[in-house]
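Comments concern the structure below.
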Amino acid sequence: MKMPCYFISHGGGPWPYIKEWDEQYKALRESLQHLPAELPEKPKAILMVSAHWIGHEILIMGSEKPGMLYDYYGFPEHTYHVHYNAPGEPALAARVQAMLADAGFETRIDLDRGFDHGAFVPMAVAFPEADIPMVQVSINRNYDPAYHIRMGQALAALRNEGVLIIGSGLSYHNLRLMGPAGAAPSANFDQWLQVSILDRNLEDRSQAMIQWEKAPAARLAHAQEDHLIPLMVAVGSAGDDPATCVYHETTAFGAITATSFKFG
């Protein structure tokens, strides 16, 4: 049965493990907790494209038992000892590598990479049992939208094999403009994002994503676009499937508009 695919805004740092942030992250938590109910069946595996893994080529997690990568700073000590024990799936990693290579992408299997917080943080909320194999895939530091849309297209067939493809980033990511200073730019960029993604086919979405820098407040919303690029992969994987907004709030990080999308 064909799986949908997602672009999710994954929040800040190890937020599910910080009790004091429960109320602040209520809307995002509820959207992630609801994600399994949106699926036609339990995924056979998760293919996770995280904004927090960036390479000169496409890197693919190949470990059977991935470790943890605590790629955040200044948080409580206990957040550096949490574990998300989902297994890897080397066979899926090899298949992903073959599919991307057939489409002309340079790839490399990485046997040492652990789950970064763009992967394990949202999945610990959506699938706390950690019983679904997960393979992480990097983005390319070229940040080329068309390249990453093609990457998503090359992987789209996995959706028909029970693989859940998730692009994990943030619809707004400018750490220097958070709180009230980011309210207007995040809202303006999000309005463009909604128009560009919803009720659009692959061609229209792709053209919008390729020209994303022309969007209102684009470079205020993404001074560096690493957290936007996983959306490009999701757009490619989605094809012409309809999109729905599955998470939207205007008070993320205090005053930021943030969004997640489901395709299919």
Q) Given the residues 37, 86, 93, which is the only one that is modelled with pLDDT of 95 or more, among the small types (Gly, Ala, Ser), within 24 Å of residue 15 (Cα to Cα) and crowded, with 16+ Cβ neighbours inside 10 Å? A) 86
(Q) Checking the conditions here, which among 114, 62, 11, 88 is under 18 Å from residue 158 (Cα atoms), among the small types (Gly, Ala, Ser), touching a residue at least 24 places away in the same chain (Cβ under 8 Å) and in contact with a Leu (Cβ under 7 Å, 6 or more places away or on another chain)? (A) 62
**Q.** Which listed residue is farther than 26 Å from residue 197 by Cα and surrounded by 23 or more Cβ atoms within 10 Å (Cβ to Cβ), from 115, 7, 75
**A.** 115
Q.
All but one of (1) over 21 Å from residue 249 (Cβ atoms); (2) touching a residue at least 60 places away in the same chain (Cβ under 8 Å); (3) surrounded by fewer than 23 Cβ atoms within 10 Å (Cβ to Cβ) hold for residue 102; state the number of the condition that does not hold.
A. (2)
Q: Looking only at region 153-208, count how many residues are surrounded by 14 or more Cβ atoms within 10 Å (Cβ to Cβ), of a type outside the set (S, T, N, Q) and under 17 Å from residue 246 (Cα atoms).
A: 13
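The values are calculated or read from the model by the stated rules, or taken from the named source; none is laboratory data. Values in this document were obtained by computation on a predicted structure and should not be read as measured data. For neighbour counting, all protein chains shown are included, and Cβ atoms are generated from backbone atoms with ideal geometry for every residue, glycine included.
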